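Input: a single structure, listed below in structure tokens.
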Ligand SMILES: [Zn+2]
């Protein structure tokens, strides 16, 4: 049974996998690759680690219909910050939420669906 991996192990394997595969589409596929290496990790923890590695580029495709926003970013798990604007009636209200880490924007983006991962500089 795979053991719970520590962060540096996960990072090491992420580099190795992305170097070999180029780009991985779908979080599930990345999780599967890690599992093959004996790394067991939750999707949430994986994302948190990945967003702390500037060399890994994450692209997210969003579904357009999505209104439920929690206090945590659905992509990377960071705190969301509300942004306010004027309504047509001239009242100030919260229009949406933004993540400062991965730039998730609740007005622009829907529910995150498909992730793809690759190294920024593939030929290092
Ligand atoms: Zn985020």
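Points worth noting:
- Check on residue 60, in a strand (DSSP E or B), modelled with pLDDT of 80 or more and within 13 Å of the ligand (Cβ to nearest atom): yes
- When region 27-57 is filtered for residues that are without any contact (Cβ under 8 Å) to a residue 60 or more places away in the chain and part of a strand (DSSP E or B), the ones remaining, listed by number, are 39, 40.
- Condition broken by residue 24, with the remaining ones in (1) assigned to a strand (DSSP E or B); (2) at pLDDT below 85 satisfied: (2)
The values are calculated or read from the model by the stated rules, or taken from the named source; none is laboratory data. Here the structure is a predicted model, which means the values were calculated and not measured. Backbone-built Cβ (ideal geometry, glycine too); neighbour counts: all protein chains shown.
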